[in-house]
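J.: Can you keep this structure in mind? I'll have questions shortly.
The values are calculated or read from the model by the stated rules, or taken from the named source; none is laboratory data. Only a predicted model underlies this, so the values are computations on that prediction, with no experimental measurement involved. Note that each Cβ is placed from the backbone with ideal geometry, even for glycine, and that neighbours are counted across all protein chains shown. Protein only, heavy atoms only, side chains kept; ligands, DNA and RNA dropped before computing areas. Shrake-Rupley method; radii C 1.70, N 1.55, O 1.52, S 1.80 Å.
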Amino acid sequence: GPTRKMPQTASAMDFFQLFVPDNVLKNMVVQTNMYAKKYQERFGKDDAWMDVTLTEMKAFLGYMISTSIHHCESVLSIWSSGFYSNRSIALIMTQPRFEKILKYFHIVAFRSSQMTHGLYKIQPFLDSLQYGFDSAFRPSQTQVLHEPLIDEDPVFIATCTERELRKRKKRKFSLWVRQCSSTGFICQIYVHLKEGGGADGLDALKNKPQLHSMVAKSLCQNASGKNYIIFTGPSITSLNLFEEFEKQEIYCCGLLSSRKSDCTGLPPSMLHNPEAPQSRGQYRIKMKGNMSLICWYNKGHFRFLTNAYSPVQQGVIIKRKSGEIPCPLAVEAFAAHLSYICKYDDKYSKYFISHKPNKTWQQVFWFTISIAINNAYILYKMSDAYHVKRYSRAQFGERLIKELLGLEDTSPSH
C-alpha cells in the first residue's frame, strides 16, 4: 500500500504530484524555452512566441490529459465548434498559444556528449517518475510482468483512414511493466526502443528469449532480496531466467509455451501432449530442486514452470458452467493474478491520453503520464480522501484537469 498517509483534504493534483512534482514541471518550462530560443536562432525569429510559464505548462498538460477522458480525435477539437468542443476549458488558453507550446515542448532540449541512448530526450523524466513510484508505494508480494493494454478509442478507430491505422501500428517501442497484482499499481516501467532493423532491433528480437530475458531483468532490478513472486507470460518464462532470479530471492510462476518460450533445459517428455485421452483437472509434474514443471489439462494442455509454489499443494479453478476443476495451487494462483490484471486493463486502459504525436519520445511521455495518473488514482482510492468524496476514475481525471487549468479550488470536499 501507500508509504505515506495523505490528508482527507488531498486533491487529485496532490496525488498526481507525488509522481510529477513542481520541480519536474519547472524543468519542462526551462527546457521548452531553451529549445524555442535555439530553434529560432537556427530557423528565424518567431514573433508570436513568448516564453512559457509554469501556469501555462500546467494548463498545457491539462488540455492533453482531457483527451484521456473525452477521447477526442485531436486535442485541437477542444477549440472547435464540433462534437468534441469544450467551451468550459477552451477559454483558459487560445488555440494558437497551445499550438506554439506544443511545437516547442521539450523535456531535454539538447543532447549532451554523455547521452547516446535513444530516449535521452525523456530519460530524466522516466527516472524521476520511477523514483516517485518506488517512494510512494510498497507493492504486495505477488507481481506480474507484462505489456499493458494501450487502448485506442473505438470511435476514432471507426472514423480514421487505413493509412492512419497502419501508421499507428508502427510504434517504434514496446512498453513493459512490473505491476502489483493486488492493487494494479504499476511499480516499474521499461521502454524498449526499436533501434533499426539490425541484430539488436526490436523486429529481430521480437519473439526471441534474449529480448524478453533482458526486459524481465530490467523490470526486476529493484526486486532482489524481497521474496517477491513474479508471474510471467510465455514469452518471458524460461528455466535459465527463473534459476537466475531464484539466486536473487525472486520467485516465479510462469505459463509455458513450446512455441513462444525458451524451453532450454526442460524435459522433452513434458513438452509433448500424451496420446492417451485426458480428463479435465488431470496433471503431470516433473521436479528438479525447487523447480516444478506442471502439465495440466483443461480442454487443452497448459504448462506452468514455478519455484514459488509446492506442486503437491492442491488448488481449484471455479468455472461458471463446469463448476470446480482440481489443479495444483500454482495454476490457481496464476489464473487469479492474471485475471486481476485483465480487469485492470479493462478499467484503466481506456484512460490513456488520445494524443498520438509522431516523435517516439513524445509517445512514450504521454503513455507514461497516463500510467502516472492511473497510479495516482489507485493511491487516492486507498487514502482517507476517497472516503470524503468517492470519485470514479473519470471524475478523478476531470478534477485533475480543472486543477491543472486553475479552474477550481483543489479541495476534494467542494
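J.: Mind giving me the nanometre distance, one decimal, between the label points for Val316 and Lys347, set 7 Å out from Cα along Cα→Cβ?
T.: 2.6
J.: Going highest first, how would you order 297-308, 30-41, 64-75 by mean Cβ packing within 10 Å? Don't jump to the answer; show the numbers that get you there.
T.: Details: 297-308: 19.7, 30-41: 16.5, 64-75: 21.2.
Peptide ranking by packing, descending: 64-75, 297-308, 30-41.
J.: Along the three principal axes, how long is the chain when you take its alpha carbons, biggest first, rounded to the nearest angstrom?
T.: 78, 53, 44
J.: Once each part is reduced to its C-alpha centroid, what is the distance from the stretch 24-50 to the stretch 76-118 in angstrom?
T.: The stretch 24-50 and the stretch 76-118 have Cα centres separated by 13 Å.
J.: Further question: Can you run phi through the Karplus equation (6.51, -1.76, 1.60; θ = phi - 60°) for the stretch 360-370 and list ³J(HN,Hα) in whole Hz, with x for Gly and Pro?
T.: The phi angles translate into 4, 5, 6, 4, 4, 4, 6, 5, 6, 4, 4 Hz.
J.: Additional query: How big is the stretch 247-307 along each principal axis, measuring the range of its Cα positions in Å and listing the largest first?
T.: The Cα atoms of the stretch 247-307 stretch 40, 21, 18 Å along the principal axes, largest first.
J.: Further question: What is the percent carbon and sulfur in the accessible area of the chain, measuring with a 1.4 Å probe over the protein chains and ignoring ligands? Provide the component values of the computation, followed by the final result.
T.: Details: 10380 of 20140 Å².
So the carbon and sulfur contribution to the accessible surface is 52 percent.
J.: If Lys and Arg each add +1 and Asp and Glu each add -1, what is the summed charge of the other residues whose beta carbon sits under 14 Å from the beta carbon of Ile325?
T.: Details: positive: Arg280, Lys299, Lys319, Arg320, Lys321; negative: Glu324, Glu332.
Net charge around Ile325: +3.
J.: Using the beta-carbon distance between Leu271 and Phe83 and R0 = 51 Å, what value does 1/(1 + (r/R0)^6) give for FRET efficiency, to the nearest 0.05?
T.: 0.40
J.: Quick one: order Val388, Val312, Val364 from most to least accessible surface, probe 1.4 Å.
T.: On the way: Val388 65, Val312 110, Val364 0 Å².
Final ranking, largest accessible area leading: Val312, Val388, Val364.
J.: Ranked highest first by the average count of other Cβ atoms within 10 Å around their residues, in what order do 261-268, 350-357, 231-238 fall?
T.: Values: 261-268: 15.5, 350-357: 19.6, 231-238: 23.9.
Top to bottom by mean Cβ count within 10 Å: 231-238, 350-357, 261-268.
J.: Note down the accessible area of Cys220, probe 1.4 Å, to the nearest 10 Å².
T.: Solvent-accessible area, nearest 10 Å²: 0 Å².
J.: Let me ask another. Along the charge dipole of the chain, Cβ charges K/R +1 and D/E -1, which of Trp361, Ala372, Thr264 sits furthest on the positive end?
T.: Farthest towards the positive pole: Thr264.
J.: How long is the gain from Ser257 to Asp46 if the chain were fully straight, where each residue apart is worth 0.36 nm and the alpha carbon distance is subtracted?
T.: Working: separation 211, 0.36 × 211 = 75.96 nm, distance 5.71 nm.
Difference between extended and current length: 70.3 nm.
J.: Let me ask something else about it. Starting from the amide H of Met291, placed 1.01 Å from N in the peptide plane, find each other amide H under 5 Å away whose residue is 5 or more places distant or on another chain.
T.: none
J.: Mind listing the phi-derived Karplus ³J(HN,Hα) values for the stretch 29-39, rounded to whole Hz, using 6.51, -1.76 and 1.60 with θ = phi - 60°, and x for any glycine or proline?
T.: 4, 4, 5, 5, 5, 5, 5, 4, 5, 5, 4
J.: With a Förster radius of 41 Å, plug the Cβ-Cβ distance of Leu25 and Met214 into 1/(1 + (r/R0)^6) and report the FRET value to the nearest 0.05.
T.: 0.80
J.: As a test of reading the structure, rank Glu324, Glu246 by solvent-accessible area (1.4 Å probe, protein chains only), most first. It would help to have the intermediate numbers written out before the result.
T.: Details: Glu324 130, Glu246 50 Å².
Most to least solvent-accessible, the answer reads Glu324, Glu246.
J.: Follow-up. Through the Karplus equation 6.51 cos²θ - 1.76 cosθ + 1.60, θ set to phi - 60°, convert the phi angles of the stretch 243-249 into ³J(HN,Hα) values in whole Hz; use x for Gly and Pro.
T.: Each residue of the stretch 243-249 in turn: 5, 5, 5, 4, 5, 9, 6 Hz.
J.: Can you give the relative contact order of the chain as a percent, counting alpha carbon pairs under 8 Å and 6+ residues apart?
T.: 24
J.: Further, regarding this structure: Can you pull the accessible area of Leu76 for me, 1.4 Å probe, Å² to the nearest 10?
T.: Rounded to the nearest 10, the figure is 50 Å².
J.: Also: Once the convex hull of the C-alpha atoms of the stretch 214-290 is built, how many Å³ does it hold per residue, rounded to a whole number? Intermediate values should be presented prior to the final figure.
T.: Details: hull volume 8.4 nm³, N = 77.
Spread over its residues, the Cα hull of the stretch 214-290 gives 109 Å³ apiece.
J.: Give the accessible surface of the chain per residue, rounded to a whole number of Å², with probe radius 1.4 Å and ligands, DNA and RNA excluded. Don't jump to the answer; show the numbers that get you there.
T.: Details: 20140 Å² over 414 residues.
Per residue, the chain has 49 Å² of solvent-accessible surface.
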